[in-house]
Amino acid sequence: MDYKLLINGALVDGAGTMPVLNPATEEVLADCPTASEAQLDEAVAAAQAGFKIWKDTPIDARRAKLGEIADIIEANTEALGRILTQEQGKPLEEAMGEVMGASMFFRYFQTLDLPVEVLEDSEAQRVEVHRNPLGVVGAIIPWNFPLVLLAFKLPAALLAGNSIIIKPAPTTPLSALHLGRLIADVLPAGVVNIIADNNDLGDKITTHKGISKISFTGSTATGARVMASAASTLKRVTLELGGNDAGIIMDDVDVDAVAPQIFGGAFGNNGQICIAMKRVYAHESIYDRLVEQLAKLANEAIVGNGLEQGTQFGPLQNKMQFDKIKEYIEDGRANGTIVAGGEVSEGKGYFVPPTIVRDIDDDSRLVKEEQFGPVLPVIKYSDVDDVIERANDSEFGLGGSVWSSDIDRAYEVAKKVDSGTIWVNKHADLQPHVPFGGIKTSGIGTELGAEGLNEFTQRKVINVAKA
(Lines give C-alpha, C1' and ligand atoms only; values in the text may rest on other atoms or scores of the structure.)
Protein backbone atom coordinates (compact mmCIF):
# COMPACT_ATOMS: atom_id res chain seq x y z
CA MET A 1 0.00 0.00 0.00
CA ASP A 2 1.18 3.51 -0.83
CA TYR A 3 1.01 5.67 2.30
CA LYS A 4 0.66 9.47 2.23
CA LEU A 5 0.56 12.34 4.67
CA LEU A 6 -2.68 14.30 4.99
CA ILE A 7 -2.04 18.04 4.81
CA ASN A 8 -4.68 20.65 3.94
CA GLY A 9 -7.10 18.01 2.68
CA ALA A 10 -4.57 16.56 0.23
CA LEU A 11 -2.70 13.25 0.34
CA VAL A 12 0.94 14.16 -0.19
CA ASP A 13 4.38 12.59 -0.15
CA GLY A 14 6.71 13.30 2.71
CA ALA A 15 10.01 15.11 2.39
CA GLY A 16 11.62 11.79 3.33
CA THR A 17 10.77 8.20 4.12
CA MET A 18 11.49 5.71 6.88
CA PRO A 19 11.03 1.94 7.13
CA VAL A 20 8.28 0.58 9.37
CA LEU A 21 9.02 -2.91 10.69
CA ASN A 22 6.67 -5.78 11.39
CA PRO A 23 7.63 -6.71 14.98
CA ALA A 24 6.68 -10.35 14.38
CA THR A 25 9.22 -10.77 11.57
CA GLU A 26 11.55 -7.75 11.92
CA GLU A 27 11.08 -7.27 8.19
CA VAL A 28 10.17 -3.97 6.54
CA LEU A 29 6.41 -3.71 6.31
CA ALA A 30 6.31 -0.44 4.38
CA ASP A 31 8.25 2.71 3.60
CA CYS A 32 6.46 5.48 5.40
CA PRO A 33 6.54 9.13 4.33
CA THR A 34 8.02 11.51 6.89
CA ALA A 35 7.26 15.21 7.14
CA SER A 36 9.84 17.96 7.21
CA GLU A 37 9.62 20.99 9.47
CA ALA A 38 8.43 22.95 6.45
CA GLN A 39 5.60 20.47 5.95
CA LEU A 40 4.70 20.79 9.63
CA ASP A 41 4.46 24.55 9.09
CA GLU A 42 2.20 23.89 6.09
CA ALA A 43 -0.01 21.66 8.22
CA VAL A 44 -0.26 24.31 10.95
CA ALA A 45 -1.14 27.01 8.41
CA ALA A 46 -3.76 24.70 6.89
CA ALA A 47 -5.15 23.89 10.33
CA GLN A 48 -5.42 27.59 11.18
CA ALA A 49 -7.33 28.24 7.95
CA GLY A 50 -9.53 25.18 8.51
CA PHE A 51 -10.25 26.28 12.05
CA LYS A 52 -11.80 29.54 10.83
CA ILE A 53 -14.39 27.48 8.94
CA TRP A 54 -14.86 24.66 11.41
CA LYS A 55 -15.35 26.78 14.56
CA ASP A 56 -18.38 28.42 12.98
CA THR A 57 -19.86 25.14 11.77
CA PRO A 58 -23.01 24.36 13.80
CA ILE A 59 -22.50 21.66 16.40
CA ASP A 60 -25.18 19.47 14.82
CA ALA A 61 -23.16 19.46 11.60
CA ARG A 62 -20.00 18.60 13.54
CA ARG A 63 -21.84 15.72 15.19
CA ALA A 64 -22.94 14.42 11.80
CA LYS A 65 -19.35 14.39 10.59
CA LEU A 66 -18.27 12.35 13.63
CA GLY A 67 -20.93 9.81 12.71
CA GLU A 68 -19.72 9.77 9.11
CA ILE A 69 -16.15 9.06 10.26
CA ALA A 70 -17.44 6.27 12.55
CA ASP A 71 -19.24 4.72 9.56
CA ILE A 72 -16.04 4.84 7.50
CA ILE A 73 -13.99 3.24 10.28
CA GLU A 74 -16.51 0.43 10.68
CA ALA A 75 -16.67 -0.19 6.93
CA ASN A 76 -12.89 -0.60 6.88
CA THR A 77 -12.47 -2.63 10.06
CA GLU A 78 -10.63 -5.55 8.50
CA ALA A 79 -8.24 -3.45 6.40
CA LEU A 80 -7.37 -1.18 9.32
CA GLY A 81 -7.09 -4.19 11.62
CA ARG A 82 -4.63 -5.97 9.33
CA ILE A 83 -2.43 -2.88 9.11
CA LEU A 84 -2.60 -2.53 12.88
CA THR A 85 -1.61 -6.16 13.52
CA GLN A 86 1.32 -5.95 11.14
CA GLU A 87 2.73 -2.70 12.52
CA GLN A 88 1.81 -3.09 16.21
CA GLY A 89 1.93 -6.87 16.69
CA LYS A 90 -1.37 -7.58 18.47
CA PRO A 91 -3.52 -10.51 17.28
CA LEU A 92 -5.84 -9.69 14.41
CA GLU A 93 -9.00 -10.23 16.47
CA GLU A 94 -7.76 -7.72 19.06
CA ALA A 95 -6.71 -5.30 16.33
CA MET A 96 -10.17 -5.36 14.79
CA GLY A 97 -11.57 -4.88 18.29
CA GLU A 98 -9.41 -1.78 18.62
CA VAL A 99 -10.76 -0.46 15.30
CA MET A 100 -14.33 -0.98 16.47
CA GLY A 101 -13.42 0.65 19.78
CA ALA A 102 -12.20 3.71 17.91
CA SER A 103 -15.54 3.90 16.11
CA MET A 104 -17.35 3.60 19.45
CA PHE A 105 -15.52 6.65 20.83
CA PHE A 106 -16.53 8.71 17.78
CA ARG A 107 -20.14 7.65 18.30
CA TYR A 108 -20.02 8.56 21.98
CA PHE A 109 -18.71 12.08 21.38
CA GLN A 110 -21.37 12.45 18.70
CA THR A 111 -23.95 12.36 21.54
CA LEU A 112 -22.43 15.21 23.55
CA ASP A 113 -23.26 18.89 23.52
CA LEU A 114 -21.63 22.13 24.68
CA PRO A 115 -24.58 24.02 26.11
CA VAL A 116 -24.38 27.48 27.56
CA GLU A 117 -24.42 27.22 31.36
CA VAL A 118 -26.40 29.93 33.14
CA LEU A 119 -24.86 30.66 36.54
CA GLU A 120 -27.26 33.45 37.43
CA ASP A 121 -30.26 35.10 35.87
CA SER A 122 -31.46 37.65 38.41
CA GLU A 123 -32.86 41.15 38.27
CA ALA A 124 -29.32 42.48 38.58
CA GLN A 125 -27.43 40.35 36.09
CA ARG A 126 -27.25 37.35 33.79
CA VAL A 127 -24.03 35.29 33.96
CA GLU A 128 -23.33 32.64 31.35
CA VAL A 129 -20.46 30.20 30.80
CA HIS A 130 -19.70 29.43 27.16
CA ARG A 131 -17.33 26.75 25.86
CA ASN A 132 -15.36 27.97 22.84
CA PRO A 133 -12.81 26.06 20.77
CA LEU A 134 -9.12 26.63 21.42
CA GLY A 135 -7.77 26.62 17.86
CA VAL A 136 -5.23 24.15 16.51
CA VAL A 137 -4.66 21.01 18.61
CA GLY A 138 -1.49 18.95 18.38
CA ALA A 139 -2.23 15.28 19.16
CA ILE A 140 0.75 12.99 19.81
CA ILE A 141 -0.18 9.29 19.78
CA PRO A 142 1.79 6.34 21.25
CA TRP A 143 2.49 2.93 19.70
CA ASN A 144 0.50 0.64 21.98
CA PHE A 145 -3.00 1.59 20.75
CA PRO A 146 -2.50 3.70 17.62
CA LEU A 147 -6.19 3.99 16.71
CA VAL A 148 -8.09 3.88 20.01
CA LEU A 149 -5.86 6.51 21.59
CA LEU A 150 -6.23 8.65 18.48
CA ALA A 151 -9.98 8.31 19.06
CA PHE A 152 -9.57 9.58 22.62
CA LYS A 153 -8.54 12.90 21.08
CA LEU A 154 -9.80 13.44 17.53
CA PRO A 155 -13.61 13.31 18.00
CA ALA A 156 -13.50 15.48 21.14
CA ALA A 157 -11.28 18.05 19.43
CA LEU A 158 -13.56 18.14 16.39
CA LEU A 159 -16.82 18.34 18.32
CA ALA A 160 -15.43 21.28 20.29
CA GLY A 161 -14.74 23.11 17.01
CA ASN A 162 -10.95 22.78 16.86
CA SER A 163 -8.74 21.73 13.99
CA ILE A 164 -6.02 19.17 14.63
CA ILE A 165 -2.59 17.90 13.66
CA ILE A 166 -2.07 14.23 14.50
CA LYS A 167 1.39 12.75 14.88
CA PRO A 168 1.41 8.97 15.35
CA ALA A 169 4.36 7.13 16.86
CA PRO A 170 7.22 6.51 14.40
CA THR A 171 6.95 2.73 14.85
CA THR A 172 3.16 2.60 14.24
CA PRO A 173 2.22 5.38 11.79
CA LEU A 174 0.53 3.32 9.08
CA SER A 175 -2.94 2.77 10.53
CA ALA A 176 -3.28 6.49 11.27
CA LEU A 177 -2.10 7.42 7.77
CA HIS A 178 -4.54 4.95 6.24
CA LEU A 179 -7.34 6.46 8.31
CA GLY A 180 -6.27 9.85 6.93
CA ARG A 181 -6.69 8.51 3.42
CA LEU A 182 -10.17 7.22 4.25
CA ILE A 183 -11.45 10.48 5.77
CA ALA A 184 -9.54 13.00 3.64
CA ASP A 185 -12.72 14.28 1.95
CA VAL A 186 -15.04 14.22 4.96
CA LEU A 187 -14.10 17.54 6.56
CA PRO A 188 -13.10 20.96 5.23
CA ALA A 189 -9.49 21.13 4.09
CA GLY A 190 -7.07 21.63 6.95
CA VAL A 191 -9.38 20.60 9.76
CA VAL A 192 -7.60 17.24 10.15
CA ASN A 193 -3.93 16.84 9.25
CA ILE A 194 -1.92 13.67 9.83
CA ILE A 195 1.86 13.71 9.58
CA ALA A 196 4.52 11.14 10.42
CA ASP A 197 8.06 11.73 11.61
CA ASN A 198 11.16 9.83 12.65
CA ASN A 199 11.07 11.20 16.21
CA ASP A 200 12.27 14.62 15.07
CA LEU A 201 9.13 16.81 15.02
CA GLY A 202 7.79 16.39 18.56
CA ASP A 203 9.61 19.42 19.94
CA LYS A 204 8.63 21.45 16.88
CA ILE A 205 4.97 20.66 17.52
CA THR A 206 5.05 21.38 21.26
CA THR A 207 6.79 24.74 20.77
CA HIS A 208 4.97 25.85 17.60
CA LYS A 209 3.32 29.24 18.07
CA GLY A 210 0.46 28.27 15.77
CA ILE A 211 -0.67 25.38 17.97
CA SER A 212 -2.87 26.14 20.99
CA LYS A 213 -3.06 22.82 22.81
CA ILE A 214 -1.10 19.59 23.09
CA SER A 215 -2.85 16.33 23.87
CA PHE A 216 -0.16 13.75 24.57
CA THR A 217 -0.26 10.10 25.56
CA GLY A 218 3.03 8.40 26.35
CA SER A 219 5.71 7.90 28.95
CA THR A 220 6.13 10.06 32.03
CA ALA A 221 9.66 11.07 30.99
CA THR A 222 8.51 12.24 27.55
CA GLY A 223 5.45 13.91 29.07
CA ALA A 224 7.69 16.02 31.30
CA ARG A 225 9.60 17.19 28.21
CA VAL A 226 6.33 17.95 26.40
CA MET A 227 5.12 20.03 29.32
CA ALA A 228 8.39 21.93 29.56
CA SER A 229 8.50 22.78 25.87
CA ALA A 230 4.78 23.65 25.71
CA ALA A 231 5.37 26.14 28.51
CA SER A 232 7.39 28.33 26.16
CA THR A 233 4.15 29.41 24.47
CA LEU A 234 1.81 28.74 27.43
CA LYS A 235 -0.06 26.02 25.56
CA ARG A 236 -2.81 24.08 27.21
CA VAL A 237 -1.71 20.49 27.80
CA THR A 238 -3.40 17.22 28.57
CA LEU A 239 -0.92 14.51 29.51
CA GLU A 240 -1.89 10.86 29.95
CA LEU A 241 1.32 9.25 31.14
CA GLY A 242 2.80 6.12 32.70
CA GLY A 243 1.41 3.96 35.44
CA ASN A 244 2.40 1.18 37.81
CA ASP A 245 -1.04 -0.07 38.70
CA ALA A 246 -1.32 -2.24 41.80
CA GLY A 247 -3.86 -5.01 42.12
CA ILE A 248 -4.74 -5.75 45.76
CA ILE A 249 -6.12 -9.27 46.07
CA MET A 250 -7.87 -9.77 49.42
CA ASP A 251 -8.05 -12.95 51.45
CA ASP A 252 -11.70 -13.75 50.68
CA VAL A 253 -11.54 -14.01 46.87
CA ASP A 254 -12.47 -17.12 44.91
CA VAL A 255 -9.00 -17.61 43.45
CA ASP A 256 -10.08 -19.86 40.59
CA ALA A 257 -12.71 -17.31 39.54
CA VAL A 258 -10.58 -14.17 39.72
CA ALA A 259 -7.25 -15.53 38.42
CA PRO A 260 -8.25 -15.31 34.72
CA GLN A 261 -9.47 -11.75 35.23
CA ILE A 262 -6.26 -10.74 36.99
CA PHE A 263 -4.25 -12.41 34.23
CA GLY A 264 -6.21 -10.49 31.60
CA GLY A 265 -5.79 -7.21 33.48
CA ALA A 266 -2.04 -7.72 33.59
CA PHE A 267 -1.28 -9.22 30.18
CA GLY A 268 -3.75 -7.54 27.82
CA ASN A 269 -1.86 -6.22 24.78
CA ASN A 270 1.21 -7.99 26.21
CA GLY A 271 1.15 -5.71 29.23
CA GLN A 272 1.74 -2.75 26.91
CA ILE A 273 -1.08 -0.73 28.45
CA CYS A 274 -0.62 2.27 30.69
CA ILE A 275 -3.33 0.92 32.99
CA ALA A 276 -2.30 -2.74 32.90
CA MET A 277 -2.00 -4.36 36.32
CA LYS A 278 1.76 -4.18 36.74
CA ARG A 279 2.16 -5.49 40.30
CA VAL A 280 -0.09 -7.85 42.21
CA TYR A 281 -0.29 -7.84 46.01
CA ALA A 282 -1.88 -11.11 47.14
CA HIS A 283 -2.84 -11.95 50.73
CA GLU A 284 -0.63 -14.65 52.24
CA SER A 285 -3.58 -17.00 52.72
CA ILE A 286 -4.31 -17.23 48.98
CA TYR A 287 -0.85 -16.32 47.65
CA ASP A 288 0.37 -19.79 46.63
CA ARG A 289 -2.90 -20.75 44.99
CA LEU A 290 -3.10 -17.50 43.01
CA VAL A 291 0.51 -17.80 41.84
CA GLU A 292 -0.18 -21.38 40.76
CA GLN A 293 -3.24 -20.35 38.74
CA LEU A 294 -1.52 -17.37 37.11
CA ALA A 295 1.45 -19.58 36.18
CA LYS A 296 -0.90 -22.14 34.65
CA LEU A 297 -2.54 -19.49 32.50
CA ALA A 298 0.85 -18.14 31.45
CA ASN A 299 2.13 -21.58 30.49
CA GLU A 300 -0.99 -22.24 28.41
CA ALA A 301 -0.74 -18.93 26.50
CA ILE A 302 -0.19 -19.14 22.74
CA VAL A 303 2.44 -16.64 21.56
CA GLY A 304 2.99 -16.02 17.85
CA ASN A 305 2.42 -13.86 14.80
CA GLY A 306 -0.76 -11.87 15.26
CA LEU A 307 -1.98 -12.88 11.79
CA GLU A 308 -1.89 -16.59 12.67
CA GLN A 309 -5.10 -18.26 13.79
CA GLY A 310 -5.18 -18.98 17.53
CA THR A 311 -2.48 -16.52 18.55
CA GLN A 312 -3.27 -14.95 21.92
CA PHE A 313 -0.15 -12.82 22.34
CA GLY A 314 1.85 -11.29 19.52
CA PRO A 315 5.32 -9.78 19.76
CA LEU A 316 6.27 -6.71 21.72
CA GLN A 317 5.99 -3.69 19.50
CA ASN A 318 9.61 -2.61 19.09
CA LYS A 319 13.17 -3.66 19.83
CA MET A 320 13.75 -0.99 22.46
CA GLN A 321 10.83 -2.30 24.52
CA PHE A 322 11.90 -5.89 23.85
CA ASP A 323 15.36 -5.20 25.25
CA LYS A 324 13.88 -3.44 28.31
CA ILE A 325 11.63 -6.39 29.07
CA LYS A 326 14.57 -8.80 28.91
CA GLU A 327 16.25 -6.62 31.57
CA TYR A 328 13.15 -6.81 33.78
CA ILE A 329 13.05 -10.59 33.39
CA GLU A 330 16.64 -10.77 34.59
CA ASP A 331 15.77 -8.51 37.53
CA GLY A 332 12.93 -10.89 38.38
CA ARG A 333 15.27 -13.85 38.10
CA ALA A 334 17.84 -12.21 40.40
CA ASN A 335 15.40 -10.91 43.02
CA GLY A 336 12.56 -13.42 42.88
CA THR A 337 11.52 -16.79 41.46
CA ILE A 338 10.24 -17.13 37.90
CA VAL A 339 7.46 -19.74 37.89
CA ALA A 340 6.26 -19.32 34.29
CA GLY A 341 7.83 -17.89 31.17
CA GLY A 342 11.14 -16.09 31.41
CA GLU A 343 12.73 -17.73 28.38
CA VAL A 344 12.98 -15.41 25.38
CA SER A 345 13.36 -16.87 21.89
CA GLU A 346 16.49 -15.93 19.98
CA GLY A 347 14.73 -16.14 16.61
CA LYS A 348 13.15 -13.38 14.55
CA GLY A 349 10.45 -11.28 16.15
CA TYR A 350 10.16 -9.55 19.52
CA PHE A 351 8.42 -12.43 21.28
CA VAL A 352 8.30 -12.71 25.08
CA PRO A 353 6.08 -15.30 26.79
CA PRO A 354 3.87 -14.17 29.69
CA THR A 355 6.14 -14.35 32.73
CA ILE A 356 5.14 -14.70 36.39
CA VAL A 357 7.60 -13.81 39.18
CA ARG A 358 6.94 -14.70 42.84
CA ASP A 359 8.78 -14.14 46.11
CA ILE A 360 9.97 -10.69 45.10
CA ASP A 361 10.03 -7.59 47.26
CA ASP A 362 8.94 -4.01 46.71
CA ASP A 363 12.46 -2.65 46.19
CA SER A 364 13.21 -4.57 42.99
CA ARG A 365 13.14 -2.73 39.66
CA LEU A 366 10.37 -5.01 38.42
CA VAL A 367 8.09 -3.78 41.21
CA LYS A 368 9.20 -0.14 41.53
CA GLU A 369 9.32 0.73 37.82
CA GLU A 370 6.77 0.54 35.02
CA GLN A 371 7.79 -2.52 33.01
CA PHE A 372 5.17 -2.05 30.24
CA GLY A 373 5.42 -5.65 29.11
CA PRO A 374 4.44 -9.26 29.90
CA VAL A 375 6.31 -9.72 33.20
CA LEU A 376 4.17 -9.72 36.34
CA PRO A 377 5.52 -9.63 39.90
CA VAL A 378 3.27 -11.19 42.55
CA ILE A 379 4.04 -9.91 46.04
CA LYS A 380 2.83 -11.35 49.36
CA TYR A 381 1.17 -9.28 52.11
CA SER A 382 -0.54 -9.99 55.42
CA ASP A 383 -2.02 -6.68 56.62
CA VAL A 384 -4.49 -4.55 54.66
CA ASP A 385 -3.32 -1.18 55.97
CA ASP A 386 0.27 -2.16 55.18
CA VAL A 387 -0.55 -3.19 51.62
CA ILE A 388 -2.41 0.06 50.97
CA GLU A 389 0.68 1.96 52.06
CA ARG A 390 2.89 -0.20 49.83
CA ALA A 391 0.56 0.21 46.85
CA ASN A 392 0.63 3.99 47.34
CA ASP A 393 4.42 4.10 47.66
CA SER A 394 4.89 4.95 43.99
CA GLU A 395 5.58 8.02 41.91
CA PHE A 396 2.72 6.88 39.66
CA GLY A 397 -1.02 7.17 40.22
CA LEU A 398 -2.90 6.16 37.09
CA GLY A 399 -5.06 3.17 38.01
CA GLY A 400 -5.39 0.26 40.38
CA SER A 401 -7.84 -2.38 41.54
CA VAL A 402 -9.10 -4.15 44.65
CA TRP A 403 -10.46 -7.71 44.53
CA SER A 404 -12.77 -9.18 47.20
CA SER A 405 -15.96 -11.22 47.53
CA ASP A 406 -17.20 -8.43 49.82
CA ILE A 407 -17.78 -5.35 47.67
CA ASP A 408 -18.27 -3.02 50.64
CA ARG A 409 -14.98 -4.13 52.15
CA ALA A 410 -13.19 -3.65 48.82
CA TYR A 411 -14.80 -0.24 48.41
CA GLU A 412 -13.35 0.96 51.71
CA VAL A 413 -9.89 -0.12 50.58
CA ALA A 414 -10.39 1.44 47.15
CA LYS A 415 -11.07 4.83 48.73
CA LYS A 416 -7.59 4.76 50.28
CA VAL A 417 -5.64 3.89 47.12
CA ASP A 418 -3.97 6.90 45.48
CA SER A 419 -4.80 6.74 41.77
CA GLY A 420 -6.89 8.53 39.19
CA THR A 421 -9.07 5.44 38.74
CA ILE A 422 -9.54 2.50 41.09
CA TRP A 423 -11.61 -0.49 40.00
CA VAL A 424 -13.28 -3.06 42.22
CA ASN A 425 -13.33 -6.66 40.97
CA LYS A 426 -12.20 -5.61 37.50
CA HIS A 427 -9.27 -3.80 35.94
CA ALA A 428 -8.48 -1.53 32.97
CA ASP A 429 -12.13 -0.96 32.14
CA LEU A 430 -12.24 2.29 30.16
CA GLN A 431 -15.62 3.55 28.98
CA PRO A 432 -16.17 6.60 26.79
CA HIS A 433 -18.52 8.37 29.22
CA VAL A 434 -16.25 7.91 32.25
CA PRO A 435 -13.51 10.55 32.72
CA PHE A 436 -9.98 9.20 32.82
CA GLY A 437 -6.72 10.70 34.03
CA GLY A 438 -3.87 10.20 36.45
CA ILE A 439 -2.43 11.81 39.56
CA LYS A 440 1.19 12.34 40.63
CA THR A 441 3.50 11.65 37.65
CA SER A 442 0.79 9.75 35.76
CA GLY A 443 -0.55 12.83 34.08
CA ILE A 444 -2.34 16.15 34.05
CA GLY A 445 -5.88 16.75 32.91
CA THR A 446 -8.70 14.46 31.81
CA GLU A 447 -9.70 12.48 28.77
CA LEU A 448 -13.11 11.02 27.90
CA GLY A 449 -16.53 11.95 29.17
CA ALA A 450 -17.96 15.47 29.21
CA GLU A 451 -15.01 16.57 31.35
CA GLY A 452 -12.60 15.32 28.70
CA LEU A 453 -14.50 17.23 26.03
CA ASN A 454 -14.21 20.43 28.06
CA GLU A 455 -10.41 20.08 27.97
CA PHE A 456 -10.60 20.91 24.27
CA THR A 457 -12.43 24.17 24.98
CA GLN A 458 -11.78 27.59 26.44
CA ARG A 459 -14.21 28.74 29.12
CA LYS A 460 -15.68 32.17 28.38
CA VAL A 461 -17.87 34.01 30.88
CA ILE A 462 -20.41 36.58 29.67
CA ASN A 463 -21.63 38.75 32.53
CA VAL A 464 -24.47 41.13 31.63
CA ALA A 465 -25.68 43.94 33.91
CA LYS A 466 -29.45 44.32 33.73
CA ALA A 467 -29.75 47.51 35.72
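Once the Cα-Cα distance is subtracted from the 0.36 nm per residue extended length, the residue 464 to residue 36 segment shows a gain of 149.3 nm. The packing ranking, built from the mean of other Cβ atoms within 10 Å per residue, places the peptides 413-419, 131-137 in the order 131-137, 413-419, highest first.
Under the classification rounded if a/c is under 1.5, otherwise prolate if a/b is larger than b/c and oblate if not, where does region 114-220 fall, given a ≥ b ≥ c as square roots of the Cα gyration tensor eigenvalues?
Working: a/c = 2.56, a/b = 2.13, b/c = 1.20.
Judged from the Cα gyration tensor, region 114-220 comes out prolate (a/c at least 1.5, a/b above b/c).
Take the solvent-accessible surface of the protein heavy atoms, probe 1.4 Å, and return the percent of it on region 1-138 that carbon and sulfur atoms account for. Carbon and sulfur together cover 50 percent of it. Given axes a ≥ b ≥ c from the Cα gyration tensor, I'd like to know whether region 331-467 is rounded (a/c under 1.5), prolate (a/b larger than b/c) or oblate. Prolate, since a/c reaches 1.5 and a/b exceeds b/c. Give me the one-decimal Kirkwood hydrodynamic radius in Å for the chain, with the sum taken over alpha-carbon pairs. Hydrodynamic radius (Kirkwood, Cα only) of the chain equals 23.1 Å.
The string of couplings for region 209-221 from the Karplus curve (6.51, -1.76, 1.60, θ = phi - 60°) is 5, x, 10, 9, 8, 10, 10, 10, 10, x, 6, 4, 4 Hz, one whole number per residue in order, with x for Gly and Pro. When you restrict to C-alpha pairs under 8 Å that are six or more residues apart and normalise by the size of region 197-337, the relative contact order lands at 16 percent.
Amide hydrogen proximity for residue 169: with H placed 1.01 Å from N in the peptide plane, the residues at 5 or more positions away or on another chain lying under 5 Å are 141. Pairs from the list 368/416; 153/296; 368/426; 204/319; 235/415 with a Cα-Cα gap above 30 Å: 153/296; 235/415. Helix 37-54 axis versus longest C-alpha principal axis of the chain: approximately 60°, rounded to the nearest ten. Here the Karplus relation 6.51 cos²θ - 1.76 cosθ + 1.60, evaluated at θ = phi - 60°, turns the backbone of region 432-439 into coupling constants of x, 8, 9, x, 9, x, x, 10 Hz, with x for every Gly and Pro.
Suppose we keep just the DSSP beta bridges with both residues in the chain; what percent of those would be antiparallel, to 5?
Working: 30 of 67 bridges.
Among the beta bridges of the chain, antiparallel pairing accounts for roughly 45 percent.
Leaving out ligands and nucleic acids, and using a 1.4 Å probe, what accessible area per residue does the chain come to in Å²? Don't skip to the answer; put the middle values down first.
Values: 18470 Å² over 467 residues.
Per residue, the chain has 40 Å² of solvent-accessible surface.
How would region 1-110 be classified by its alpha-carbon gyration tensor: rounded, prolate or oblate, with rounded meaning a/c under 1.5 and the a/b versus b/c comparison settling the rest? Because a/c hits 1.5 or more and a/b fails to exceed b/c, region 1-110 counts as oblate. Take the Cα of residue 130, go 7 Å toward its beta carbon, and the backbone nitrogen atoms of region 151-165 under 17 Å from that spot belong to 160-162.
Available extension along the chain between residue 382 and residue 75 is 105.3 nm, counting 0.36 nm per residue and deducting the alpha carbon span.
Per-peptide packing, taken as the mean over residues of other Cβ atoms within 10 Å, places 25-36, 117-128 in the sequence 25-36, 117-128 from highest down. Sorting the segments 228-235, 257-264, 352-359, 191-198 by their residues' average number of neighbouring beta-carbon atoms within 10 angstrom, most packed first, yields 191-198, 352-359, 257-264, 228-235. For the chain, the longest principal axis of the Cα atoms and the long axis of helix 255-267 meet at an angle of about 50 degrees. Helix 92-110 and the longest principal axis of the C-alpha atoms of the chain enclose an angle of approximately 40°. Here the chain is treated with +1 on each Lys and Arg Cβ and -1 on each Asp and Glu Cβ, and its dipole about the Cα centre works out to around 1620 debye. With a 1.4 Å probe rolled over the protein heavy atoms of all chains, the accessible area of 459, 82 falls in the order 459, 82, largest first.
When you restrict to C-alpha pairs under 8 Å that are six or more residues apart and normalise by the size of the chain, the relative contact order lands at 18 percent. Accessible surface of residue 225, taken over heavy atoms with a 1.4 Å probe and every protein chain present, rounds to 140 Å². Summing Lys and Arg as +1 and Asp and Glu as -1 over all other residues whose Cβ lies under 13 Å from the Cβ of residue 368 gives a net charge of -4.
Spatially, region 259-299 and region 359-436 are offset by 12 Å when compared through their Cα centroids. The separation of region 203-252 from region 58-121, counted between C-alpha centres, amounts to 22 Å.
Using a cut-off of 15 Å between beta-carbons, work out the net charge of the residues near residue 28 (Lys and Arg +1, Asp and Glu -1, residue 28 not included). Surrounding charge for residue 28 is -3.
The values are calculated or read from the model by the stated rules, or taken from the named source; none is laboratory data. Predicted model, so just to flag it, every value in this text is computed and none were measured. FYI the Cβ positions are ideal-geometry reconstructions off the backbone, even for glycines, and counts take in every protein chain you see. Surface areas here come from the heavy atoms of the whole protein model, side chains and all, with no ligands, DNA or RNA. Shrake-Rupley method; radii C 1.70, N 1.55, O 1.52, S 1.80 Å.
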